[in-house]
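Structure record follows, encoded as structure tokens.
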Amino acid sequence: MWKLALPIGVDRDHEYCNPMVGDGFDQFDQIRELGWWVVVTGCDGDPLIDRQMELVEMLKKKGVKVEAQFNEGDYHGVELMDATKANALFVFIQSQLIKRSPKMSGQTPPSNPPTTDPYQYLQIVNNSDGTITRHRKIPNTPATPDPDHPTPVLSKDIPLNQSNKTWFRIFLPRQALDNTSPSKLPLIVYFHGGGFILYSASSTVFHDFCSNIAIDVNAIIVSVDYRLAPEHRLPAAYDDAVETLHFIKTNQDEWLTKYADFSNTYIMGSSAGGNVAYHAALREADQIENLEPLIIKGLILHQPYFGGTRRTESELRLANDLVLPLPLFVNDLMWELSLPIGVDRDNEYCNPTVGGGSQRLEKIRLLGWRVLVIDCKGDPLIDRQIELVKLMEEKGVVVVSQFDEGGHHGVDLQDLSKAKALNVVLKNFMLTS
């Protein structure tokens, strides 16, 4: 490749190929004087890692400001092949941009302030018929049902309700196909996030998230593609969630009947999906006998999305979270588009503490369901989740909560190491339920 790329007649010690030759470019002094930062990323599984580290050292000797991150393992081009690695890279790059932004460095801020238009922020357009046009390009991943595919987790899509155009994606760890497997796997019915208005079960970020859970926890995941607002306002998503649970109990798909342990089922959701999971669980607690042979063991709320008309301290303090902003004006719009027309954020769909909480929590207590609530203290929603934990504990529900330091809303969806740590918590919770 170098032979085809370099000028004819030169070797690989030409400056185009080897930045170390002749003690580096003279232009590096100019870069230093301009105050430019250089960010170098790589991994120690890349054959080129030594050259990259040499470049970093030379830049430092020249007085250039350098930030380097070299991850363990992997290979050249891993971020182009692995969406999870790509997301982690994006987070690192964004953190570097933010760290050197005028706001953080004390420089004069730019003349064009960030948008305060929530529609522009979310890249959506409000239509006169009550629908929205979604312009945000969200990567999707197709299902891989073929057992000959090398992926460690197989996946397939199953229609749920053709009239509502709903469906779900099953994630099956490849190792379950081994006939020597001693027992069936736990079943997690999962609901994705996106403020009730964005994303789907096929969105790459949630496909990868569910795949990792399936591998690390050794469970079968059913990820539900529920109807989105404002075309289908709440409680449409809750209706779809309940319909999914009842559909699963009678569905004859082999991945479910052969490999899933219906007597060891958990309801889980992330962000808005955590809200859906919570309300689906409340509904099913009232008619649990109709779910058999599904037996719900617990509820997993991952950074659940709740709100209220009163601003909490964490919402005000972290409203402009630097890594993944959740500005109040955007938060308010998502609720405005999702809640039934004419109600405010103190509706029970948004605020689970209103009126002292749902009476159905008593049924959850009697059923012995355990509830896991997971988040981080850098999430603007953290106060809401702490309030919910206290409410459930006061009702006698067995709650396990883990609130890590730092982080931000959605951190486990973007940082693979955080996702791995989350999966350890999930596995331990399920083993003790």
Next on the checklist: Give me the residue from region 65-92 that is exposed (fewer than 13 other Cβ atoms within 10 Å of the Cβ) and assigned to a helix (DSSP H, G or I) and, out of that set, modelled with the lowest pLDDT.
Outcome noted: 90
Checklist entry - Do you know which of the residues in region 22-64 that are in contact (Cβ under 8 Å) with a residue 12 or more places away in the chain and of a type in the set (Phe, Trp, Tyr) is surrounded by the fewest Cβ atoms within 10 Å (Cβ to Cβ)? => result 36
Item to check | Residue in region 280-318 that is surrounded by the fewest Cβ atoms within 10 Å (Cβ to Cβ), counting only those that are under 16 Å from residue 266 (Cα atoms) and of a type in the set (Lys, Arg) | outcome: 283
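Every residue, every condition in (1) in contact with a Gly (Cβ under 8 Å, 6 or more places away or on another chain); (2) at pLDDT below 90; (3) aliphatic (A, V, I, L, M); (4) surrounded by 11 or more Cβ atoms within 10 Å (Cβ to Cβ), yes or no:
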position	(1), (2), (3), (4)
96	no, yes, no, yes
119	no, no, no, yes
131	no, no, no, yes
134	no, no, no, yes
172	no, no, yes, yes
176	no, no, yes, yes
Item to check | 3 or more residues surrounded by 20 or more Cβ atoms within 10 Å (Cβ to Cβ): qualifying helices (runs of 4 or more DSSP H) within region 348-433 | outcome: 382-394, 411-414, 416-431
Checklist entry - Condition test on residue 13, is it over 21 Å from residue 77 (Cβ atoms) and at pLDDT 90 or above? => result yes
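Does residue 105 satisfy being out of contact with any Phe, Trp or Tyr (no Cβ under 9 Å at 6 or more places or on another chain), of a type in the set (Gly, Ala, Ser) and either surrounded by 11 or more Cβ atoms within 10 Å (Cβ to Cβ) or modelled with pLDDT of 80 or more (or both)? Step through it out loud before you land on a result.
Values: out of contact with any Phe, Trp or Tyr (no Cβ under 9 Å at 6 or more places or on another chain): yes; of a type in the set (Gly, Ala, Ser): yes; either surrounded by 11 or more Cβ atoms within 10 Å (Cβ to Cβ) or modelled with pLDDT of 80 or more (or both): no.
In short, no.
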Next on the checklist: I need every pair where a residue in region 394-413 that is within 22 Å of residue 297 (Cβ to Cβ) has its Cβ under 7 Å from the Cβ of a residue that is in a loop (DSSP other than H, G, I, E, B), sequence separation at least 6 or different chains.
Outcome noted: 395/357
Item to check | Unique residue being at pLDDT 95 or above, crowded, with 22+ Cβ neighbours inside 10 Å and acidic (Asp, Glu) when the list is 216, 240, 157 | outcome: 240
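Against the definition (surrounded by fewer than 20 Cβ atoms within 10 Å (Cβ to Cβ) and modelled with pLDDT of 95 or more), how does residue 262 come out, yes or no? Explain how you work it out, then say what you get.
Working: surrounded by fewer than 20 Cβ atoms within 10 Å (Cβ to Cβ): yes; modelled with pLDDT of 95 or more: yes.
Answer is yes for this residue.
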Checklist entry - Which of (1) assigned to a helix (DSSP H, G or I); (2) modelled with pLDDT under 95; (3) surrounded by fewer than 20 Cβ atoms within 10 Å (Cβ to Cβ) is the odd one out, the single condition residue 336 does not satisfy? => result (2)
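Name every residue in region 282-322 that is in a helix (DSSP H, G or I) and either within 21 Å of the chain's Cα centre (by Cα) or of a type in the set (Phe, Trp, Tyr) (or both), in order of residue number. So that I can check it myself, show each step before the final result.
Pass one, region 282-322, residues in a helix (DSSP H, G or I): 282-285, 288-291, 313-317.
Hits for region 282-322 are 314, 315.
Residues are listed down the side, and each one gets a yes or a no for (1) farther than 24 Å from residue 416 by Cβ; (2) in contact with a Pro (Cβ under 9 Å, 6 or more places away or on another chain):
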{"site": "217", "(1), (2)": "no, yes"}
{"site": "223", "(1), (2)": "no, no"}
{"site": "232", "(1), (2)": "yes, no"}
{"site": "237", "(1), (2)": "yes, no"}
{"site": "240", "(1), (2)": "yes, no"}
{"site": "253", "(1), (2)": "yes, no"}
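The values are calculated or read from the model by the stated rules, or taken from the named source; none is laboratory data. Everything quoted here is computed from the prediction, not taken from an experiment. Here the Cβ is made from the backbone with ideal geometry for all residues, glycine too, and neighbour counts use every protein chain on show.
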